Each structure stands twice: as C-alpha cells, then as structure tokens.
Amino acid sequence: MKQLMWLVLFLIINFAALGIGSWLMNNGPSSGWYLTLNKAPWTPPGWVFGAAWTTIMICFSIYLSYLANIKQTNLFWTLFIIQFVLNVSWNFIFFNQHAIGIALIVIILLTVLVGYYLFSFLADMKLKSLLIAPYFIWLLIATSLNAYTYIKN
C-alpha cells in the first residue's frame with residue numbers, strides 16, 4: 001500500500017511538472033522564433049516529445065516510488081526538488097526567454113542529476129534502474145538538440 005501511495009504522489013507531481021513546463025513555454029514550439037531556428041537534423045517530430053515525456057514520467061514515477069521506500073532521506077528530497085526545478089525551468093528559459101545558452105546549462109545540469117540517480121542508486125535499485133534509463137537517454141538527446149541549436153543560431 002505504501003508503494004502505491006508513493007507512486008500516485010510521484011505521478012501527480014511529475015505530471016504537474018510537465019503541465020507547468022508546458023504552460024511556462026507558452027506556445028514556444030509553434031512560435032515563429034522556434035520554427036525559424038536552425039535545428040539539428042535529428043530533431044524528432046513534435047508528437048515524439050509528448051509520447052517520450054509521458055513514458056519518461058511514468059517510468060520515473062515508478063522508479064521514485066521504489067527509491068522512496070529505501071532511500072527517503074534529505075538527499076533524496078533535495079535531488080528530487082532540484083530535478084523538478086531544472087526540468088520545469090528549462091521550458092521557460094528556452095522557449096519563453098529564448099536564452100538558448102542558459103537553457104543548455106540547465107539541461108546539462110539536469111542530465112548530470114538524472115545520471116547521478118541512475119548510477120548512484122544502481123546498487124540499491126538493481127534492475128529497477130532501467131526505469132530511469134529512458135529519462136537519462138532522452139536528456140542526452142535533448143542536450144544534443146539544445147547544444148546544436150546554441151551553436152548553429
């Protein structure tokens with residue numbers, strides 16, 4: 001029952017992060033500014049982002065629900081809050097403020113933090129660590145997209 005409670009909590013918080021992030025970017029992906037950017041040739045079609053983030057947040061919520069049962073410490077909550085802030089703020093910084101360089105720093109920090117989750121808790125989480133792998137892989141791709149946009153614009 002405790003596992004289910006954590007899962008529901010993290011699903012709510014993580015999908016709220018997606019909602020807040022979408023709200024903060026306004027209509028960024030369809031704005032003239034974004035549409036005229038020189039984007040990486042490997043930029044996926046827009047629908048992929050929604051599918052990817054939905055999958056990522058479900059997997060991440062399951063991962064966190066297990067991790068909360070074994071590592072609920074100040075470090076756990078601090079990392080989670082920092083991850084939340086970095087995740088949500090990237091949308092605002094990139095799409096709303098058009099600060100591509102600062103957004104690149106934010107997404108690099110987020111990628112390092114999710115990598116920390118993946119590798120630091122691997123011994124505790126074992127095979128369940130595969131649940132955070134999609135987040136980490138997606139952030140590697142997103143970081144490359146952000147870097148390309150920064151370099152080419």
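Numerical summary
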| read-out | value |
| --- | --- |
| Residue that is surrounded by the fewest Cβ atoms within 10 Å (Cβ to Cβ), among those in segment 59-88 that are in contact (Cβ under 8 Å) with a residue 60 or more places away in the chain and within 16 Å of A103 (Cβ to Cβ) | V88 |
| So V114, is it surrounded by fewer than 15 Cβ atoms within 10 Å (Cβ to Cβ), of a type in the set (A, V, I, L, M), closer than 27 Å to L67 by Cα and out of contact with any strand residue (DSSP E or B) (no Cβ under 7 Å at 6 or more places or on another chain) | no |
| Any hit, segment 53-64, residues being in a helix (DSSP H, G or I) and touching a Lys or Arg at 6+ places or on another chain (Cβ under 9 Å) | yes |
| Residue within segment 30-48 that is assigned to a helix (DSSP H, G or I) and under 30 Å from M125 (Cα atoms) present | yes |
| Residue list for segment 42-58, filter: of a type in the set (A, V, I, L, M, F, W, C), in contact (Cβ under 8 Å) with a residue 24 or more places away in the chain and surrounded by fewer than 17 Cβ atoms within 10 Å (Cβ to Cβ) | W42 |
| Conditions (1) out of contact with any Gly (no Cβ under 7 Å at 6 or more places or on another chain); (2) closer than 18 Å to F10 by Cβ; (3) β-branched (V, I, T); number of the one not met by V88 | (1) |
| Residue match in segment 56-68 (condition: over 23 Å from N26 (Cβ atoms), of a type outside the set (S, T, Y) and touching a Gly at 6+ places or on another chain (Cβ under 8 Å)) | no |
| Number of the exception - I151 against (1) in contact with a helix residue (DSSP H, G or I) (Cβ under 8 Å, 6 or more places away or on another chain); (2) surrounded by fewer than 18 Cβ atoms within 10 Å (Cβ to Cβ); (3) more than 25 Å from W6 (Cβ to Cβ) | (1) |
| Residue list for segment 122-145, restricted to those being surrounded by fewer than 18 Cβ atoms within 10 Å (Cβ to Cβ), under 13 Å from L67 (Cβ atoms) and in contact (Cβ under 8 Å) with a residue 24 or more places away in the chain | D124, K128 |
| Condition met for F119 (surrounded by 15 or more Cβ atoms within 10 Å (Cβ to Cβ), of a type outside the set (S, T, Y) and part of a helix (DSSP H, G or I)) | no |
| Unmet requirement for N91, which otherwise passes all of (1) surrounded by fewer than 17 Cβ atoms within 10 Å (Cβ to Cβ); (2) touching a Leu at 6+ places or on another chain (Cβ under 7 Å) | (1) |
| Hits in segment 86-103 - residues which are of a type outside the set (G, A, S) and over 13 Å from the mean Cα position of the chain (by Cα) | F92, I93, F94, F95, N96, Q97, H98, I100, I102 |
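A short reminder: the numbers here are calculations on the coordinates, not readings from a lab. Predicted, not measured: the structure shown is a model, and the values here were computed from it. Positions of Cβ are backbone-derived with ideal geometry, glycine not excepted, and every protein chain shown enters the neighbour counts.
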